[in-house]
Amino acid sequence: MVVGKFLSPVGYFFQNLHPSWINKLASVPAGFGHGGAAPLTDVGVQLRGGRALADGHQLNYALYVANGPRLGLEGMEGLDLDVEGSSTNRDGERVWGGRVGWLPRPGLELGASLTRGDVVLDPGEMGIGMAEPTRAYRVEGVDVAWQASRAVSLRGEWIRQRVGDAPMSLAPDGATWRAWYVQGAYRFGADRWETVLRVGDSLSPHGESTFQQTALGLNYLFRPGTQLKLSWEINDSDNAEAEADRVLLQLAHGF
Amino acid sequence: MTRVPLRSPAIASQSLRAVAAAFGLALVILPAGAIAADGKALYESTCVACHGPTGKGAIPGVPDLATRLDKPDAELVNNVLNGFQTPGSPMAMPAKGGNPALTAEDAQAIIGYLRSGAGTPPPPSAANGAPASPPAAVLAPAPAGATSAGVAADSTAFARGAQAWADNCARCHAMRDPKSLPDEQWQVVVTHMRLRAGLDGAQADDILVFLKGSN
């Protein structure tokens with residue numbers, strides 16, 4: 001049981017893999033960061049646990065009720081979803097949901113996430129004096145992780161957030177944020193070296209968050225919590241800013 | 001794991017009577033086997049979680065044992081009993097594999113078993129009528145700990161913990177060396193990681209027994 005501000009239990013990447021000493025690339029997958037498709041943090045109550053079932057199966061769960069994201073405006077009409085939790089629930093609406101993971105055997109995990117609830121647009125200065133209607137807020141996600149062999153680990157995730165239409169609103173149309181990635185990693189050289197390939201795609205109402213990405217990485221593990229990462233990102237987008245390719249070098253250390 | 005051989009067609013096709021006879025035989029043989037420590041059974045209960053059934057290593061950070069067998073027995077036994085870490089290696093070999101009940105004779109028996117080619121698949125149990133090895137491995141810690149009563153329960157928790165640790169603790173991040181933290185800190189970390197990993201209480205307790213036994 002967790003009360004307060006927590007990493008959103010919906011989806012897999014952000015809650016379990018984003019610390020830089022864990023993430024195998026120097027950047028987060030397309031759409032899994034700020035302004036992306038995956039909820040990041042929230043404020044509320046969460047219940048987590050697991051069960052070892054017969055035959056070596058394992059089940060784990062995380063259920064939550066929380067304040068949910070905040071919906072704002074970007075520009076005149078574009079909806080902007082702030083996926084970081086806040087302790088003041090400005091829109092007065094809550095969301096609930098969670099994730100269930102199933103391990104049919106050690107090394108293979110299949111997960112599914114879902115959130116339901118309502119949000120109300122906070123139009124800021126633009127909507128002075130206007131009452132905004134509630135809109136449906138929905139999240140669905142699936143994730144898979146497979147340790148294919150001692151050296152090869154594969155994983156992938158798909159997640160989508162949707163905000164419903166509200167005809168009587170300042171910004172009547174709803175919006176969808178969607179992202180996925182698949183990643184393969186191969187360890188070699190006495191388990192010290194690792195190569196990583198990640199392919200992902202992010203879709204958002206905003207051009208700068210709509211892009212495809214292929215990322216390649218080479219890592220050296222000094223200690224289990226310390227790694228040096230060299231990552232190369234090839235980004236493809238209609239938006240000039242999001243299109244830029246990047247080379248990143250990161251030394252990550254965890255405690 | 002115990003269930004694997006039980007499912008094998010060779011055993012399934014045997015008549016119930018033959019299986020019963022094999023287990024009857026096992027009961028007669030085991031006490032004798034316990035005096036001359038059974039290297040295979042000990043290996044499969046205490047060491048397999050890290051080193052894997054063939055000694056090639058079950059988790060990243062654990063080397064292929066075949067590459068170490070050029071050292072003399074005395075050195076290997078000593079390193080098993082006292083623990084060992086190659087300078088700069090990401091994970092240490094815990095003293096006694098983390099099993100406090102392990103004696104010098106046990107260690108010698110395991111080295112003998114490794115030298116005899118742990119990597120070669122065990123003979124099909126139907127061929128020689130011997131009991132399938134995993135039930136023996138599960139039973140073994142009791143006779144091995146017979147010198148000090150009460151160790152048995154702890155060492156099965158330990159073996160379960162080692163397996164749960166190997167199965168779960170490298171799912172998200174590189175495996176942390178059991179030696180890297182003292183007992184109190186493992187207590188905190190395992191409580192925290194139990195939530196992250198979605199483990200049940202019994203698994204978390206076993207993992208803690210293993211980690212405390214290994215650091």
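Can you tell me the accessible area per residue over the range A:2-183, all protein chains present, probe 1.4 angstrom, in square angstrom?
Values: 7620 Å² over 182 residues.
Here the residues of the range A:2-183 average 42 Å² of exposed surface.
Using 0.36 nm per residue, how much length does the chain from A:V144 to A:D236 gain when fully extended, once their Cα-Cα distance is taken away? Write down the numbers at each step before the final one.
Details: separation 92, 0.36 × 92 = 33.12 nm, distance 2.51 nm.
Full-extension gain reported as 30.6 nm.
Per residue, the average separation of C-alpha pairs within less than 8 Å and at least 6 apart gives chain A a relative contact order of 17 percent. Amide H contacts under 5 Å for A:G72: A:D80, A:L81, A:D82, A:D122, restricted to partners 5 or more places along the chain or on a different chain, H placed in the peptide plane at 1.01 Å from N. Per residue, the range B:156-215 exposes 41 Å² of solvent-accessible protein surface, assessed with a 1.4 angstrom probe and all protein chains in place.
I want the local charge near A:A179. Using Cβ-Cβ distances under 9 Å, sum +1 for each Lys or Arg and -1 for each Asp or Glu among the other residues. Here the charged neighbours net out to 0.
Dipole magnitude of the range A:185-234 about its Cα centre, charges +1 at Lys/Arg Cβ and -1 at Asp/Glu Cβ only, in debye to the nearest 20?
Details: 5 positive and 5 negative charges, 62 e Å.
Approximately 300 debye in magnitude.
Between the beta carbons of B:Q85 and A:L218, assuming R0 = 25 Å, the FRET efficiency works out to 0.45 to the nearest 0.05.
Using the Cβ atoms and a cut-off under 9 Å, what net charge is assigned to the surroundings of A:Y61, where Lys and Arg are +1 and Asp and Glu are -1? Display every interim value, and only then the final one.
Values: positive: A:R48, A:R51, A:R99; negative: none.
Summing Lys and Arg as +1 and Asp and Glu as -1 gives +3.
Ligands, DNA and RNA aside, A:M1 has an accessible area near 140 Å² when probed at 1.4 Å. Each of A:W96, A:W193 has its accessible area taken with a 1.4 Å probe; listed largest first, they run A:W96, A:W193.
Once B and A are treated as a pair rather than alone, how much accessible area drops out, both sides summed, in Å² to 100, probe 1.4 Å? Mind dumping the intermediate values first?
Details: alone 11760 and 12700 Å², together 22150 Å².
Buried area between the two chains comes out at roughly 2300 Å².
Where does chain A land at 222 nm, in deg cm²/dmol rounded to the nearest 500, when only DSSP H runs of n ≥ 4 count, each adding -39500 (n - 2.57), divided by all residues? Before the final figure, lay out the partial values.
Details: 2 runs with 9 residues, N = 255.
Value at 222 nm, helices only: -500 deg cm²/dmol.
For the range A:178-255 and the range B:171-215, compute the distance between their C-alpha centroids and round to whole Å. Here the two parts' Cα centres lie 29 Å apart. For the range B:156-215, with all protein chains present and a 1.4 Å probe, just round the carbon and sulfur fraction of the accessible area to a whole percent. Carbon with sulfur: 58 percent of the solvent-accessible area. In order along the range B:89-102, the phi-based Karplus estimate (6.51 cos²θ - 1.76 cosθ + 1.60, θ = phi - 60°) of 3J(HN,Hα) comes to 6, x, 9, 8, 7, x, 3, 6, x, x, 9, x, 7, 6 Hz; Gly and Pro are listed as x. Here's the picture: a label point sits 7 Å out from the Cα of A:A136 along the beta-carbon direction, and within the range A:158-174 the residues with their amide nitrogen under 20 Å of it are A:159-174. The contact residues of the range B:176-200, meaning those that lose at least 20 Å² of 1.4 Å-probe accessible area when all protein chains sit together rather than their chain alone, are B:R176, B:L195, B:R196, B:G198, B:D200. Contact with the other protein chains removes 50 Å² or more of accessible area, compared with the isolated chain and a 1.4 Å probe, from these residues of the range B:53-69: B:P60. Evaluated with a Cβ-only charge set (Lys, Arg +1; Asp, Glu -1), chain A carries a dipole of roughly 1480 debye about its Cα centre, given to the nearest 20. Does chain A classify as rounded, prolate or oblate by the C-alpha gyration tensor (a ≥ b ≥ c root eigenvalues; a/c under 1.5 gives rounded; else a/b over b/c gives prolate, otherwise oblate)? The shape class here is oblate.
If you place +1 on the Cβ of every Lys and Arg and -1 on the Cβ of every Asp and Glu, how big does the dipole about the Cα centre of the range A:109-184 come out, in debye to the nearest 20?
Roughly 400 debye for the range A:109-184.
Take the Cα of B:A202, step 7 Å toward its Cβ, do the same at A:A151, and the gap between the two points is 3.7 nm.
Name the residue farthest towards the positive end of the dipole of the range B:156-215 from the options B:V209, B:L195, B:G161, assuming +1 on Cβ of Lys and Arg, -1 on Cβ of Asp and Glu, about the Cα centre. Going by the charge dipole, the pick is B:L195.
Return the distance in nm (one decimal) between the two label points of a simple spin-label model at A:R116 and A:T41, each offset 7 Å from Cα along Cα→Cβ. Reported label-point gap for A:R116 and A:T41 is 2.9 nm.
Leaving out ligands, DNA and RNA, what percent of the accessible area of chain A is carbon and sulfur, probe 1.4 Å? Ligands and nucleic acids excluded, carbon and sulfur give 60 percent. Using C-alpha pairs under 8 Å with a sequence gap of at least 6, the mean separation divided by the residue count of the range A:94-190 gives a relative contact order of 22 percent.
By a 1.4 Å probe calculation restricted to protein chains, A:F222 has an accessible surface near 100 Å², given to the nearest 10.
Computed over neighbours whose Cβ is under 12 Å from that of B:A174, the net charge equals +3, Lys and Arg +1, Asp and Glu -1.
The values are calculated or read from the model by the stated rules, or taken from the named source; none is laboratory data. Note that this is a predicted model, so its numbers are computed, not measured. FYI the Cβ positions are ideal-geometry reconstructions off the backbone, even for glycines, and counts take in every protein chain you see. All accessible areas refer to the heavy atoms of the entire protein, side chains included, with ligands and DNA or RNA removed. Shrake-Rupley method; radii C 1.70, N 1.55, O 1.52, S 1.80 Å.
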